[in-house]
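Below you'll find the structure, written out as structure tokens, and then a few comments.
The values are calculated or read from the model by the stated rules, or taken from the named source; none is laboratory data. Quick caveat, the model's predicted, so the values are computed rather than measured. Methodologically, a virtual Cβ is constructed for each residue, glycine included, from the backbone with ideal geometry; neighbour enumeration extends over all protein chains shown. With ligands, DNA and RNA removed, areas are computed over all heavy atoms of the protein, side chains included. Shrake-Rupley method; radii C 1.70, N 1.55, O 1.52, S 1.80 Å.
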Amino acid sequence: MDFTFTEEEQAAVEAARAAFSGVAPDSVPSPALTPGAVAEDIDRRLWGTLAGSDLLGLTLSEEYGGAGLGPVALCLVLREAARVLARVPLLESCAVAMTVERYGERTLAAALLPRVARGELVLTAGANGRSGHDPAELAVTARPVGSGADASGWVLDGVQSAVPWAQAADRIALPAHTGEGRAVLALVDPALQGVTLADQVSTSGERLAEVRLDGVRVEARELIDAPGAWDRLRDLLTTGTCALALGLGERVLAMTAEYTGKREQFGFPVATFQAVAVQAADRYIDLRAMEVTLWQAAWRISTGAGGPLPAAGDIAVAKIWASDGVRRIVQTAQHLHGGFGADTDYPLHRFHAWAKQIELSLGPAAAHEEALGDLLAAHPLA
């Protein structure tokens, strides 16, 4: 397989490394020592840096002030973001913006996307439904106000839980279902009447929100009912989460290699002991499997290329490896670090907390194994 990236994609990586170079993973209180959220807001300074580096519009067309790149470039940048535990909704904002450009009305895209690229508007998305176990679009109902030429908007009712960065967002993309059972995507201003945000806290210590909608009315143009819009957004979010898992895993394995290379027992670095080397090698194999399945999934949704299974199959495989792989990597890192792994003055425990959040986001491995099984049953391989 040829995973050579284009010059533009490589330039995006260099810009991302420069933007994230000054970010410290321990810039906020430890989630292990903080009873609530570790911070009230996203990292606004970093958000401004990303906007100034043209990374917030990376995947938007030039018409809206973007660079015109695709999901592969976004995943490359997300990989760098995870290495420093960047506290910004880069995945959610870019994924929603890409979906709006592809499926939304041009007037909506023109009103929102240039501001997103400049960092003036923050977007996020709810994808967990009411409980995290049922399809997210079933948690909210959308009914039209009027019909035909008299249609004047939509009314939303329901709950989406564990919505990331919702308190900092200017628009929240929420899936819903109509009376006919169609999945639609609403862009909700959290300041609208009937919208309530109840604080929740993630495993990583970041603020989430339970978003309650009680007769919330949105304009017709702010509800995207084009077929496939919600599926596309969910695919982008899931694939991006795999990129976050890869970047975090790479940083953790590098930390482990550095520590075991310096820590000595019986006059030798513990990295030279066979038991340590074998465990580290196993985790390196996890990383390579996470990487190859990620780029396969990102390539499928970037190009629309066909295959024996729909692209959802490649995304499921990538998320299975991302969820299981990142969990094994941080657990091995904790073990090989000994007491240092649990020391709250040392950053490894922060990566462990973020890894657990990433593992479960958009569904754990078991959920995607079930989805993959359904796809295999529906598309028997010759």
* Looking at T260, is it over 30 Å from C94 (Cα atoms), among the β-branched types (V, I, T) and either modelled with pLDDT under 90 or surrounded by 12 or more Cβ atoms within 10 Å (Cβ to Cβ) (or both)? -> yes
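Can you tell me which of L174, L108 is assigned to a helix (DSSP H, G or I) and of a type in the set (A, V, I, L, M, F, W, C)?
That would be L108, the only listed residue that is assigned to a helix (DSSP H, G or I) and of a type in the set (A, V, I, L, M, F, W, C).
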* Which one of the conditions (1) closer than 28 Å to F351 by Cβ; (2) outside any helix (DSSP H, G or I); (3) open to solvent by less than 20 Å² (accessible area, probe 1.4 Å) does L233 fail to meet, given that it meets all the rest? -> (2)
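Going by the structure shown, is A86 surrounded by fewer than 20 Cβ atoms within 10 Å (Cβ to Cβ) and assigned to a loop (DSSP other than H, G, I, E, B)?
Values: surrounded by fewer than 20 Cβ atoms within 10 Å (Cβ to Cβ): no; assigned to a loop (DSSP other than H, G, I, E, B): yes.
No, not satisfied.
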* Structure fact -> Counted residues in segment 15-40 being exposed (fewer than 12 other Cβ atoms within 10 Å of the Cβ) and either outside any loop (DSSP other than H, G, I, E, B) or within 21 Å of the chain's Cα centre (by Cα) (or both) come to 3
* **Failed item in (1) among the aliphatic types (A, V, I, L, M); (2) open to solvent by 30 Å² or more (accessible area, probe 1.4 Å); (3) part of a loop (DSSP other than H, G, I, E, B); (4) farther than 30 Å from A226 by Cβ, with A11 passing the rest** => (3)
* Pairs, first farther than 14 Å from G307 by Cα in segment 365-381, second modelled with pLDDT of 95 or more and among the acidic types (D, E), C-beta under 6 Å, six or more apart -> A365/D324
* **Pair list, Cβ < 8 Å and 6+ apart or interchain, from segment 95-113 residues that are open to solvent by less than 10 Å² (accessible area, probe 1.4 Å) to residues that are part of a helix (DSSP H, G or I) and aromatic (F, W, Y)** => A109/Y64; L113/Y64
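Taking only segment 117-153 into account, find how many residues are open to solvent by 30 Å² or more (accessible area, probe 1.4 Å) and not charged (D, E, K, R).
Of the residues in segment 117-153, 15 are open to solvent by 30 Å² or more (accessible area, probe 1.4 Å) and not charged (D, E, K, R).
The rows are residues; the columns are (1) at pLDDT below 95; (2) surrounded by fewer than 20 Cβ atoms within 10 Å (Cβ to Cβ).
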{"site": "A298", "(1), (2)": "no, no"}
{"site": "A311", "(1), (2)": "no, no"}
{"site": "I315", "(1), (2)": "no, no"}
{"site": "G338", "(1), (2)": "yes, yes"}
{"site": "Y346", "(1), (2)": "yes, yes"}
{"site": "I358", "(1), (2)": "no, no"}
{"site": "A365", "(1), (2)": "no, yes"}
* Given (1) of a type in the set (G, A, S); (2) open to solvent by 10 Å² or more (accessible area, probe 1.4 Å); (3) within 11 Å of A117 (Cβ to Cβ), index of the condition S53 fails -> (3)
* Structure fact -> Given the conditions (1) open to solvent by 10 Å² or more (accessible area, probe 1.4 Å); (2) in contact with a strand residue (DSSP E or B) (Cβ under 6 Å, 6 or more places away or on another chain), every one holds for R182 apart from (2)
